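A.B. asks: Quick one: structure below, then a few questions.
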Amino acid sequence: MTAVPVVRAARRERSKTFRRFTANRLGVIGLVVVLALTVMALLAPYVAPFDPAKQDFSALLQPASSAHWLGTDELGRDTLTRVMYGARISLSAGLVSVALALLVGTFLGLVSGFVGGWLDELIGRFIDALLAFPFLILAITLAAILGPSLQNTMLAIAIVTTPAFARVTRAQVLAQRELEYVQAAGALGAGSARTLLRHILPNISAALIVQTSLAIAEAVLAESTLSFLGLGVQPPTPSWGSMLNTARGYLQTAPWLALAPGVIIFATVLAFNLLGDGLRDALDPRGKTK
């Protein structure tokens, strides 16, 4: 019987969180755009009008038309099709790299914040060393060392994204570990692992969710940058960054080559940032700027 009020309270809190999020119009717009991009990426093999690698030398650098809605590139490939397939690369790179960073960074932050002492100092110095380098510079360096490929791009982005999750997690753990519920769990015999996973982690998940959304936006931009520099996905696999790199030589004669991937990168990064802001205000209304 005592569980019923707890369940009802949890449902009311979820309902309030949902209402706060839907009240944020920009956050809802960000969510809609993210969902649309996800659907486009998932359905690209089924709804794309052409093969992304198929060359058509009779349709080189054609502007938008009924046959090619966003025109064609220097090899006659359909730009719309390549943008749709490029979404699969950019979103998968963002999701996988951030998932890895979330896993490693959260673990480091939990251990560092809860255990403290020399281990906290060691992890802290490691994180500081990574943060000493600018995000993109470190990502470019790692990608150059590892070699150009999608897997290495994901790994490089995951490494440079990990410190942000470690810092956020550590700060949250330090704020939570002295609270009464943590002390009560320890008094009842809960071990460190159980206290961290069953009590502290659920209570800091809101901050991690917001950080994840913002990190995906940064990861998508980083993947596009690495592909633009030739350190990411290699041709003929379509990528928004590599499409922009190719478009540099046709800005005067075929501006649509740069416009399509440029707009979609801007829209994707903006959508994830708006979603992150909306989630932050919904999950932690006390931190909302008035």
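A.B. asks: For segment 238-250, which residues satisfy the criterion of being of a type outside the set (F, W, Y) and touching a Leu at 6+ places or on another chain (Cβ under 8 Å)?
C.D. replies: Passing the criteria: G241, M243, N245, T246, A247.
A.B. asks: Determine the pairs where a residue that is closer than 14 Å to V210 by Cβ and touching a residue at least 12 places away in the same chain (Cβ under 8 Å), located within segment 163-180, has a partner that is assigned to a helix (DSSP H, G or I) and hydroxyl-bearing (S, T, Y) with Cβ atoms under 9 Å apart, the partner being 6 or more residues away or on another chain.
C.D. replies: Note: pairs meeting the criteria are F165/T106; F165/T212; V168/T106; T169/T106; T169/S112.
A.B. asks: Give S92, S112, S97 a once-over and let me know the one that is among the hydroxyl-bearing types (S, T, Y) and surrounded by fewer than 19 Cβ atoms within 10 Å (Cβ to Cβ).
C.D. replies: S92
A.B. asks: Something else now. Within segment 123-143, track down each residue that is farther than 15 Å from A222 by Cα and surrounded by 11 or more Cβ atoms within 10 Å (Cβ to Cβ).
C.D. replies: Across segment 123-143, the qualifying residues are I123, G124, F126, I127, D128, L130, L131.
A.B. asks: Identify, by number, the condition in (1) over 17 Å from F135 (Cβ atoms); (2) in a helix (DSSP H, G or I) that T225 doesn't meet.
C.D. replies: The number of the failed condition is (1).
A.B. asks: Among the residues of segment 27-50, write down those that are touching a helix residue (DSSP H, G or I) at 6+ places or on another chain (Cβ under 7 Å) and under 15 Å from V83 (Cβ atoms).
C.D. replies: If the condition is that a residue be touching a helix residue (DSSP H, G or I) at 6+ places or on another chain (Cβ under 7 Å) and under 15 Å from V83 (Cβ atoms), then V33, L37, T38, M40, A41, A44, A48, P49, F50 are the ones that fit.
A.B. asks: Okay, next question. Could you please let me know if L43 is assigned to a helix (DSSP H, G or I) and surrounded by 18 or more Cβ atoms within 10 Å (Cβ to Cβ)?
C.D. replies: No, not satisfied.
A.B. asks: Among residues belonging to segment 232-290 that are over 26 Å from T72 (Cβ atoms) and at pLDDT below 85, point out the one that is farthest from the chain's Cα centre (by Cα).
C.D. replies: Among residues in segment 232-290 that are over 26 Å from T72 (Cβ atoms) and at pLDDT below 85, the one farthest from the chain's Cα centre (by Cα) is K290.
A.B. asks: Within segment 76-96, which residues are part of a loop (DSSP other than H, G, I, E, B) and either in contact with a Ser or Thr (Cβ under 9 Å, 6 or more places away or on another chain) or more than 25 Å from L226 (Cβ to Cβ) (or both)?
C.D. replies: Scanning segment 76-96 gives a single hit, G76.
A.B. asks: Then there is this: If you go through segment 108-126 one residue at a time, do you hit one that is over 25 Å from F165 (Cβ atoms), charged (D, E, K, R) and either without any contact (Cβ under 8 Å) to a residue 60 or more places away in the chain or out of contact with any His (no Cβ under 9 Å at 6 or more places or on another chain) (or both)?
C.D. replies: no
A.B. asks: Looking only at residues that are of a type in the set (S, T, N, Q) and surrounded by 15 or more Cβ atoms within 10 Å (Cβ to Cβ) in segment 179-223, which one is modelled with the lowest pLDDT?
C.D. replies: Among residues in segment 179-223 that are of a type in the set (S, T, N, Q) and surrounded by 15 or more Cβ atoms within 10 Å (Cβ to Cβ), the one modelled with the lowest pLDDT is T195.
The values are calculated or read from the model by the stated rules, or taken from the named source; none is laboratory data. Quick caveat, the model's predicted, so the values are computed rather than measured. Methodologically, a virtual Cβ is constructed for each residue, glycine included, from the backbone with ideal geometry; neighbour enumeration extends over all protein chains shown.
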